[in-house]
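The values are calculated or read from the model by the stated rules, or taken from the named source; none is laboratory data. This one's a predicted model, so the numbers in the text were calculated from it and none came from an experiment. FYI the Cβ positions are ideal-geometry reconstructions off the backbone, even for glycines, and counts take in every protein chain you see. Quick note on the areas: whole protein, heavy atoms, side chains included, nothing else; ligands and nucleic acids left out. Shrake-Rupley method; radii C 1.70, N 1.55, O 1.52, S 1.80 Å.
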Amino acid sequence: MKAVVKKSVWLVALGSLVLLAGCNSFKKKNLEPPTPLEKHFTPTVQVSKVWTARIGDGPGISGVLLRPTVVDGVLYAVSTDGRIAAFDAASGKQLWEKTTKVKKGWFGFGGKKGKAVPEGSYAGGPTVVGDLLAVGTLDGYVYGMNPKDGSQLWSSELDSEVISAPAISGDLVIARTQDGRVYGLDAATGKRRWVYDQGNVPLLSLRGNGVPLTANGVVFIGSDDGKLVALRQDNGEKLWEQRLASGEGRTDIERLNDADGSILLDGSTLYAAAYHGNLTAIDGPSGRPLWSRAFSTYTSLAIGGTAIYGVNDQGEVWAFDRSGGADMWKNDKLKYRWLTGPAVQGNYVVVGDAYGYVHWLQAGDGALAARMRLSKKAIQAQPLVVGDTVYVEDVKGHIGAYRLAAH
């Protein structure tokens with residue numbers, strides 16, 4: 001069962017780096033120690049904490065990258081211990097919360113047959129469009145809810161864990177599962193309309209899936225074998241695929257080539273990257289590659305101005321020219337701090353690290369500009385920028401909202 005293997009790889013290859021954060025076990029585990037932060041750091045921009053809140057125990061040990069979403073001034077967040085809540089995005093005041101009792105257990109082991117993870121272990125989402133909130137669970141369900149109060153509208157049982165946010169487009173909810181399938185669900189009823197099956201998926205892969213991207217009647221996904229795949233939104237038929245990584249290597253770990261980050265769309269150009277692979281610009285209608293360069297990452301990318309920003313698998317922050325992929329700058333001051341994917345907030349790039357810090361870098365040259373600490377727990381999910389505020393969440397469910405003085 002793929003979910004079991006993916007869990008094991010996450011804990012061994014990547015999750016252990018986060019679990020060891022804050023302890024002195026790096027030499028024993030043959031891991032690179034994190035780059036220490038500059039003790040006498042002088043910020044060049046002032047950052048203010050707007051509010052903090054908490055949603056249950058967050059993702060806990062599940063290995064899931066829980067990221068809140070903000071729609072019409074309301075922040076929605078979930079946790080794997082069965083909580084879903086809405087907060088006022090400006091003040092952090094809780095508007096409502098729903099709780100489902102969840103048994104304790106090893107998430108991802110046992111799946112649906114073993115009933116190790118019961119109903120309510122929210123793990124994928126939430127996503128909100130109009131009058132629909134969609135969220136996936138560790139036991140393989142997608143729920144449709146009313147975003148005004150969290151009441152359930154429908155449920156749809158799938159075949160494996162749903163650990164990435166569903167996409168809502170038109171009258172469809174697009175959800176992907178850990179076994180390599182993508183589902184088109186009726187947004188009004190949750191009824192299954194179509195299924196795309198990737199077929200043979202790698203036995204070994206990193207734990208994670210990117211959020212499906214929908215545009216112009218097409219669904220774009222990154223696969224566990226390092227491909228960008230385009231599907232027809234109306235029936236799930238594959239239109240084209242483009243390889244982002246070769247899958248070559250001497251060991252199973254070296255051959256890992258997941259494309260787990262978000263796919264970016266600018267006009268008709270797609271940008272995507274893969275672990276042990278490349279950052280590639282692709283013409284959306286045809287699937288033809290426009291340019292490609294070596295860049296290994298397991299996090300999401302971000303676009304700002306003329307640049308594409310990414311964090312490589314060593315924790316270095318990079319900026320590339322979006323027209324051709326040329327290097328613009330690299331910052332290695334946060335190397336081995338196991339950073340989140342970047343987000344762009346005004347003239348700054350924002351990342352979180354495995355020690356609870358949030359860092360701001362100047363978008364023009366990558367110089368460190370500010371830092372704040374949300375908690376002593378790891379931040380794994382990409383920060384969310386909405387207007388002049390950035391929202392971050394750690395692995396224990398702490399949520400922080402921060403604003404730049406320059407705004």
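Scan (1) farther than 16 Å from T297 by Cα; (2) open to solvent by less than 40 Å² (accessible area, probe 1.4 Å); (3) of a type in the set (S, T, N, Q) for the single condition S262 breaks and write down its number. Every condition holds for S262 apart from (1). Taking segment 371-386 as the range and being out of contact with any Leu (no Cβ under 8 Å at 6 or more places or on another chain), buried (at least 18 other Cβ atoms within 10 Å of the Cβ) and not hydrophobic (A, V, I, L, M, F, W, C) as the test, the residues that pass are S375, K377, P383. Number of residues in segment 296-309 that are more than 19 Å from L213 (Cβ to Cβ) and open to solvent by 10 Å² or more (accessible area, probe 1.4 Å): the value is 3. Within segment 94-107, does at least one residue satisfy the condition of being within 21 Å of I379 (Cβ to Cβ), at pLDDT below 95 and not basic (K, R)? There is at least one residue in segment 94-107 that is within 21 Å of I379 (Cβ to Cβ), at pLDDT below 95 and not basic (K, R). Here L290 clears all of (1) open to solvent by 10 Å² or more (accessible area, probe 1.4 Å); (2) touching a residue at least 24 places away in the same chain (Cβ under 8 Å); (3) of a type in the set (A, V, I, L, M); (4) under 25 Å from A167 (Cβ atoms) except the condition numbered (2). Considering only segment 323-332, I want to know if a residue exists there that is in contact with a Leu (Cβ under 9 Å, 6 or more places away or on another chain) and among the acidic types (D, E). Scanning segment 323-332, I find no residue that is in contact with a Leu (Cβ under 9 Å, 6 or more places away or on another chain) and among the acidic types (D, E), so the answer is no. Only residues that are on the phi < 0 side of the Ramachandran plot and in contact (Cβ under 8 Å) with a residue 60 or more places away in the chain were counted in segment 315-339, giving 5. A single member of V201, V182, V219, V229 is part of a loop (DSSP other than H, G, I, E, B), of a type in the set (V, I, T) and either farther than 18 Å from W154 by Cα or modelled with pLDDT of 95 or more (or both), and it is V201.
The residue that is nearest to D139 (Cα to Cα), among those in segment 165-179 that are open to solvent by 10 Å² or more (accessible area, probe 1.4 Å) and not in a strand (DSSP E or B), is D179. Scanning segment 204-231 for residues that are out of contact with any strand residue (DSSP E or B) (no Cβ under 6 Å at 6 or more places or on another chain) and open to solvent by 20 Å² or more (accessible area, probe 1.4 Å) yields a count of 5.
Across segment 344-370, the number of residues qualifying as among the small types (G, A, S) and open to solvent by 10 Å² or more (accessible area, probe 1.4 Å) comes to 4. Residues in segment 57-79 that are modelled with pLDDT of 95 or more and of a type outside the set (A, V, I, L, M, F, W, C): R67, P68, T69, D72, G73, Y76, S79.
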